[in-house]
1. Conditions first: (1) farther than 30 Å from A:Phe24 by Cβ; (2) at the interface with chain B (Cβ under 8 Å from one of its Cβ atoms); (3) in contact with a strand residue (DSSP E or B) (Cβ under 6 Å, 6 or more places away or on another chain). A:Gln99 passes all but one, so which condition is the exception?
2. So, of the residues in the stretch B:402-414 that are in a helix (DSSP H, G or I) and in contact with a Lys or Arg (Cβ under 9 Å, 6 or more places away or on another chain), which turns out to be farthest from the other protein chains (Cβ to nearest Cβ)?
3. Provide a single number: the residues in the stretch B:98-143 that are in a loop (DSSP other than H, G, I, E, B), modelled with pLDDT under 80 and within 30 Å of B:Ala82 (Cβ to Cβ).
4. Give the residue, chosen from B:Thr388, B:Thr366, that is surrounded by fewer than 19 Cβ atoms within 10 Å (Cβ to Cβ) and not small (Gly, Ala, Ser).
5. With respect to the numbered conditions (1) away from chain A (no Cβ under 14 Å); (2) under 24 Å from A:Ile46 (Cα atoms), which one is the sole condition not fulfilled by B:Val365?
6. Anything in the stretch A:95-112 that is free of Cβ contacts under 8 Å to residues at least 24 places away in the same chain and part of a helix (DSSP H, G or I)? List them, or say none.
7. Can you pull out the residues in the stretch A:55-86 that are surrounded by fewer than 17 Cβ atoms within 10 Å (Cβ to Cβ), in contact with a strand residue (DSSP E or B) (Cβ under 6 Å, 6 or more places away or on another chain) and assigned to a loop (DSSP other than H, G, I, E, B)?
8. Of all residues in the stretch B:187-197, which are within 15 Å of B:Leu221 (Cβ to Cβ) and either of a type in the set (Phe, Trp, Tyr) or within 10 Å of chain A (Cβ to nearest Cβ) (or both)?
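The values are calculated or read from the model by the stated rules, or taken from the named source; none is laboratory data. Quick caveat: nothing in here was measured; it's all calculated off a predicted structure. All Cβ positions, even for glycine, are placed from backbone atoms using ideal geometry, and neighbour counts span all protein chains on display.
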Amino acid sequence: MKPIEVDHVSKSFGDTKAVQDVSFEVEKGRIFGLLGPNGAGKTTTIRMVNYITLPDSGTLLVNGIPVGQKTQKLIGYMPEERGLYKKMKVGEQLMYLAQLKGMTAGSAREKIKYWLERFGAYDWHSKVVGELSKGMSQKIQFISTIVHDPEIYIFDEPFSGLDPINSELLKEIIIELKDMGKTILFSTHRMEQVEQMCDDICLFNNGKVVLTGSLRNIKKDFGKNTVLIEFEGDGSFIDTLADVRVNNRSTNFAEIRILNGLNSQEILKKAMEKNEIHRFQLVEPSLNEIFISVVGEDNIKKQQLEELKA
Amino acid sequence: MVLKREYLTRVKSKGFIWATILVPAGFALFIGVMIFVSVWDSEISYTIGVADETGMIVKSLQEIDDERYTDVSGLSVDSLRAMVQREELTGYVIITDDHIEGSQSLELIFSGSGGLQLLTTVRSDFRETIRQERLARAEVSDDVRAIFESRVALDSRRLTREGEEREDDTEFLSGVGFLMGVIIFGAIFGYGGYIMRGVIEEKTNRIIEVIASSVRPIELLTGKMAGVGAIAITQFAIWILAFMGLSAVAGPIAAAFMSNSEQMGADMAAVESEIPAFLDLPTIETSLIVYFIIFFLLGYMLYSSLFAAIGSAADSETDTQQLMLPVTVPIFIAYAILFHAMRSPDSALSVIGSLIPFFAPIVMVTRIAITEVPFWQTSLAILLMIVTFAGTMWLSAKIYKVGILSYGKSANFKDLAKWIRQ
């Protein structure tokens, strides 16, 4: 029995096929990353897991139960578009949201107190949310997501709009939840966040899953075929290389993906002709690079590509 | 849960408390002002100088109102003019035999203060006294004079279907019916707008998706409607109680005020019986109140489901204008029919209007108050409203479900049609 099983799920809005035949499984006690550019179908998939949107076809299981009102209570969900009632007091608001998730008033009160104290926010208990600063209300948002102590946590683009302090706080929370044996699924269009945190990933593009599996295995499969080179001098040698793809190029740094079995030493040789080499390293490709090579450069819209590189 | 929150947060909000207090307070103030006006009004006195060459008219005038008319006979026109200019007199009238014998019209020379009411009073006083004087001069017999003074009254009594004859209070009930129609009109707008703003608030606060991950959108929608509906009933209950309490207190107070004013001292008895009659709510039949509540609730549900759909489709309150149109137009048509229904409650337009679900809550209640509406009509109206409500609810649930999760732009009617078909 897996925490989340998505099996051949499709969903269209009018003529737009938002999600097409998507399948993946989330293992218990692991952090699962849903990746892909904006508009790839991540949020729609997440909403279907949360029983907010219903699929046109396919099945979704949470803890082995088809999604429904019962499974909603098992999930703590923080949507990308998030907010709170501005005119409601912090305490009352958390109480309301916890009770909507099926908690009793007594245990909700206890949990709210625990988390508010944990975040040093107990003084805000009787404050109206509208009076709080943005950072403060983000903390209240975290609490509202986790207060009912669910088994499964789903965060949609959790780091967007967070200030650096809260970003760190959220990372800590996610790691802590994982250590407690909880299952976490989050989506992001920023690949580097996934590299730091995820155990498993699922890559989305244009409503389809292009790659899924454990991050380590995926990287291993791609092999050490990426060169990181740091140099001083004339960088024009990079333009002369054939059968490579250049990512992250700057005046004295380049990430070069070798495509057709070109010997990495060739690159080093060429580089040494006119440059002083500070660093030369063969590494596993970045997720960004993996995404591009899986989807194929031509299949990624130009704008999305820029987004990925940003 | 949703119902409870909607109810409690709103009941506790300052706006609710103020509205609940202010509306009856405003009402009390209004009634108070009305009473004061009727009391103080008669005490403002104008002095009209009457230069009477006949010597008869001024006496009868003074019998009518001793304070208003003073005898200035013998003073010259110039000094009268001066007195008006010095404001010792409001105005003056010179009466000669010509006015009584002939048909020469009288002239009131006055400073302009006093307005229409003064003119009307003075005109009728003079007409009365001069007519009397003419009758006296013509030496008409008392019989003729009595005929002349007699008035034919029309008392109306209602014969109910049960064969019972009742006092007819059509005028009073028309007022009540009209008031009820207006209250429902205002309440549908007020509470419907409440719902709409609530939905928009949840959307702009971006809390809607958090809630949607816990409850079904339809539950949220019905909970919200029920919560605001409960508030409406609470508010009505408070007002009706306040109104009853007020009318119980206001009658004696008004009477006490009246007794202080000397002019009306004699009319005390009449006043006492009159004031409670115009404040007395309990004389309204309970069945009318029941119908009022039924039609209010049905109308509220019908329109609030639409208002909720509008709220979910709009991105901000300012964007609702275009979408509001199809909802506000029927309400205003109903409001227009209401005026017609008050005058002729049994006309074809009134009957048809009171059956059309979108007009029924406003028009039917007015008709029920004023006239005897056949049972089949009320039940048909109620039935049609329930059916229509099921339809609008289904429609708005579809719009709501999609609307709450679409951010960024307000939908137009084409989008809505697409959402419904999904």
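1. Every condition holds for A:Gln99 apart from (3).
2. To start, the set of residues in the stretch B:402-414 that are in a helix (DSSP H, G or I) comprises B:402-403, B:413-414.
Keeping just the survivors that are in contact with a Lys or Arg (Cβ under 9 Å, 6 or more places away or on another chain) gives B:402-403.
Details: B:Val402: 9, B:Gly403: 13 Å.
Within the stretch B:402-414, the match that is farthest from the other protein chains (Cβ to nearest Cβ) is B:Gly403.
3. Residues that pass the stated criteria total 6.
4. Details: B:Thr366 fails: surrounded by fewer than 19 Cβ atoms within 10 Å (Cβ to Cβ).
From the options B:Thr388, B:Thr366, the qualifying one is B:Thr388.
5. (2)
6. Taking the stretch A:95-112 as the starting set, the residues that turn out to be free of Cβ contacts under 8 Å to residues at least 24 places away in the same chain are A:95-96, A:99-100, A:104-107, A:109-110.
Listed by number, the residues that qualify are A:Met95, A:Tyr96, A:Gln99, A:Leu100, A:Ala105, A:Gly106, A:Ser107, A:Arg109, A:Glu110.
7. Result: A:Asp56, single match.
8. Within the stretch B:187-197, the first condition is being within 15 Å of B:Leu221 (Cβ to Cβ), and the residues that meet it are B:191-192, B:194-197.
Those that are within 15 Å of B:Leu221 (Cβ to Cβ) and either of a type in the set (Phe, Trp, Tyr) or within 10 Å of chain A (Cβ to nearest Cβ) (or both): B:Tyr191, B:Tyr194.
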